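Below is one structure, written out as C-alpha cells; the observations come after it.
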C-alpha cells in the first residue's frame, strides 16, 4: 500500500508538471516516437460474481464500453481529454462492435468458485456464499499520445438486465492514464507509467482506487410437493406433473433434487396408476435453451416432493398436474392457480407449490341397519341350537346313569 501510494503520488506530480508544459497541437511532433511499448501499457481489471454455494455459475456475458473522457480538473489536478479509445485492443484486436470488451462466465466455472475472499478482492461473503472472478486486459500500446499528462476515459459496464443478476452499484467508472516523458539524448518519447480506475467522480488516489466490478447472482429454490387426502384417495397412485421454466437464464443448468421422490417407476406400477404404461424416470437436472426456457415431466405419490435448486430471480415456474380424474385439486403457496395449473415467479425467497388431491366417498348407512338385525337373528339361532344340544346331552347322561343303577338292583 505504501509503495503504491508513493508511486501514485509520484505519477500525479510528474503528470501534473508535464501537463503544465503542454504545447499547442502545431507542435505535436515534439514526440515523434510516440509511446514506447512496455509492461505498463495494459490496464487489467477484474470481474467478480457472488452466488450461493449450491448454485451453478450462470452462462452470462458482461460487456463494457470504453470512451474518451473530457478535459478538466480532478482533485486540483488538470486532466486531458482521453484520445484513441478506438485504438485500444482487447484480446489482441482493436475494440469494435464486432470485438466488444466482454467477459464470459459459464457453468464450467463451478470448479473455480472461491469459498473465502482472496487478499485484495473487494468482495464480502455472507454465510453460504461463494464467488468467481475473471480478469480483463485492455491494451493501450496503439494509442497515439502526443504529450505527457493525465488522460481521462470512461469505462462503463453495460446492464442488459440478465436473469438473476444484481449489478455493481457503480457501473460508471473513470479511468485515468498517466503518460510521462521518456526522452533520451537521441529521441523524444513518451510512456504509459500507470493507470487509476475509480468510481465516477472520485479523485484518483489510494483510498478511491478500485480494481473491478462486483455483481451478485440471486437464486432461490422451488419445491413441488404432493399430498393425497380423503377416504377414497389412493396413496399408491402416481400423479404426473409437467413443469415449464421461463426466464431461467441462457443455457442455465438446473439441479433437481429428487431425493424425496422415486428416481425410476416401472410400467403400470400399481392398480391405482393408469397413466404410466411404460417405464419413466424423474430426472435430476434440466438445461435451459438459449432463451432461458426448460421443460420436464415428473411423477409423485402421496408424501413425495422434488426441489428445483437455485433458480435465478425472475424465473417463472408453471406446473400442470394430470392423471387426477375424480380428485378435487387444491394448491397452497405464494402462487397463482387455475384448475390443475399453478404458476409462481421467484422474487428473493424460496417458494413451495403444494398440490393436495382429495377424493371422498359416501358409505350408505342403510347397509349397516339391514345387516345388523340379520346378524342378531343368526346369533340367537346359533345360541338356541347350542342350548338345546347341551340340554339333550345332559338328559341322556342322566337317563343312562339311572338305567345303570336299576340293573345293579
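Place a point 7 Å from Cα of residue 358 in the direction of its Cβ. Which residues in the range 307-336 have their backbone N less than 18 Å from it? Under 18 Å, as judged by backbone N against the label point of residue 358, lie 324-333 of the range 307-336.
So for the range 219-358, Kirkwood radius off the Cα pairs, Stokes-Einstein at 25 °C and 0.890 mPa s: how many µm² s⁻¹? In µm²/s, the coefficient is 161. If each of residue 134 and residue 291 carries a label point 7 Å out from its Cα toward its Cβ, how far apart are those two points in nm? Output for this residue pair reads 2.6 nm. Label zone (residue 348, point 7 Å along Cα-to-C-beta; backbone nitrogen cut-off 18 Å) within the range 42-75: 50-52. By the beta-carbon count within 10 Å of each Cβ, the least crowded to most crowded order of 352, 293, fewest first, is 293, 352. The distance between label points at residue 236 and residue 188 comes to 9.7 nm (points 7 Å beyond Cα on the Cα→Cβ vector).
According to the square roots a ≥ b ≥ c of the eigenvalues of the Cα gyration tensor, what is the shape class of the range 181-276, taking rounded for a/c under 1.5, prolate for a/b larger than b/c otherwise, and oblate for the remainder?
It comes out prolate by the Cα gyration axes.
So, R0 is 35 Å and r is the distance between the beta-carbons of residue 63 and residue 203; what FRET efficiency does that work out to, to 0.05? Using R0 = 35 Å, I get an efficiency of 0.80. Placing a label point 7 Å from the Cα of residue 338 along the Cα-to-Cβ direction, the residues of the range 289-306 whose backbone N falls under 20 Å of that point are 294-296. Note on residue 42 and residue 264: the model spin-label points, each 7 Å out from Cα along the C-beta direction, lie 5.1 nm apart. Seen through its C-alpha gyration tensor, with square-root eigenvalues sorted a ≥ b ≥ c, the range 37-102 comes out prolate because a/c lies at 1.5 or above while a/b is bigger than b/c.
Bear in mind these aren't lab numbers, they're just calculated from the coordinates by the rules spelled out. Bear in mind the structure is a predicted one, so any value in this text is a computation, not a measurement. Using ideal geometry, Cβ is built from the backbone for each residue, glycine included, and neighbour counts are taken over all protein chains shown.
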